[in-house]
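The values are calculated or read from the model by the stated rules, or taken from the named source; none is laboratory data. As the structure is a prediction and not an experimental result, all values here were calculated from the model. As a convention, Cβ positions derive from the backbone with ideal geometry for all residues, glycine included, and neighbour counts pool all protein chains shown. The accessibility values were calculated without ligands, DNA or RNA, using every heavy atom of the protein model including side chains. Shrake-Rupley method; radii C 1.70, N 1.55, O 1.52, S 1.80 Å.
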Amino acid sequence: MQGLPLSREFYTEVAAPMLQSELPAYVNQLAVGLVGEGSECFGFDDEFSQDHDWGAGICVWAPESMAGTVEPLLEPVFARLPATFKGYPVRMAPKFRKGRVGLFTIEGFYRRFINSGQPLSTWQQWYTVPEYFLAVATNGEVFADPCGQFSAFRKSLLEFYPDDVMKKKLAARFAVMAQSGQYNLLRMLKRNDTAAALLAASRFVESTIGALYLMHGKYMPFYKWAFRGLKDLPDGAFIAGKLNDVLALNLTRGADVHSNAEAAVEAVCVEMMALLQKKGLSRSNEAWLMTQAEMIQKQIENPQIRNLPVVHGIQCS
């Protein structure tokens, strides 16, 4: 059993009837679901995830204007929820919530992750929010939302970046792929600098993963889940296999290490260039990805974004 379907069943069978019975005047103004931090919200939880901060739980979202009224009515309901459900722990007692389940204001929930209690409206806002925060703010599932206010905010984020912001971030990712994988990795190997080579390989892999999420209109999650999430993307499993070839390289000193690394990196770059073409973002067969990055950047219409350095903003991803 994974946490998200467990929590959905918990809501349907236990929490929803209690909320309907105990808060009839307010229940139609509340949204309920499981969204936010935690592997279960991404569907990535497994048997190892159950050793801490795991179990059935729900988020209840209320507008800021009514949260003060609802909270004293809702807490007694939470207190009467069972401690276990279908043999699994329920984490609705205050000491088990960890700020991940329970009552939240709609505005406060989103402000926590995107630094705004209102849907993002400027390119600067979109550009500076870290991608993994956007992933956290839009994962999971909304079980009920009669008023639709929480879901409307969620929908505005799920519609993904404005086109110019997406292209800027994608150009930066391709530039870093070129810089770290096609250039610096091979130079570090020539110098027998294994530590720097490992760092370059890691940066190349992470930038490739980030570019793949962007091209599929998805926010890349926190680094420890980013590779795991590739299997859910079209083309993701195939690219993951190519990246595994890079990660499996023995970068210690050896006669073939340079040529093996170059071949593994170029195999990834060729596939990513082909995907770029498939998405209509390039017509060039140029395998040097810095050229592809510059071509993506030239497609940006907003001059403020287009005139930023190609690799600018990569730290926000």
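Quick look at the values:
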quantity	calculated
Given Lys231/Lys278; Lys169/Lys231; Lys86/Lys155; Lys95/Lys224; Lys167/Lys190, the pairs whose alpha carbons are separated by over 28 Å	Lys86/Lys155; Lys167/Lys190
At R0 = 22 Å, FRET efficiency that the Cβ-Cβ distance of Asn115 and Asp163 yields, to 0.05	0.50
Most mobile of Asn115, Asn184, Asn307 in a GNM of the chain (Cα contacts under 10 Å)	Asn307
Nearest-ten-degree value, helix 149-158 long axis tilted from longest Cα axis of the chain	10 degrees
Region 201-308, relative contact order in percent, only Cα pairs under 8 angstrom and at least six apart counted	18 percent
Tilt relative to the chain, helix 163-177 - C-alpha long axis, 0 to 90 degrees, to 10	50 degrees
Within the chain, helix-based [θ] at 222 nm, where runs of 4 or more DSSP H residues each add -39,500 (n - 2.57), nearest 500	-15000 deg cm²/dmol
Accessible area of the chain belonging to carbon and sulfur atoms, whole % at 1.4 Å probe	52 percent
Distance-filtered residues of region 129-171 - backbone nitrogen under 17 Å, label point 7 angstrom along Gln29 Cα→Cβ	145-151
Cα centroid separation, region 256-287 to region 90-124 (Å)	39 Å
Residue-level accessible surface for Trp225, protein heavy atoms, 1.4 Å, Å²	50 Å²
Relative packing of peptides 260-267, 121-128 - highest average C-beta neighbours within 10 Å first	260-267, 121-128
Crossing angle, helix 236-247 versus the chain [Cα axis fit, 0-90 degrees, rounded to tens]	60 degrees
Distant-in-sequence amide H partners of Gly102 (H built 1.01 Å from N, under 5 Å)	Ile58, Cys59, Val60
Average accessible surface area per residue within region 125-246, 1.4 Å rolling probe, Å²	40 Å²
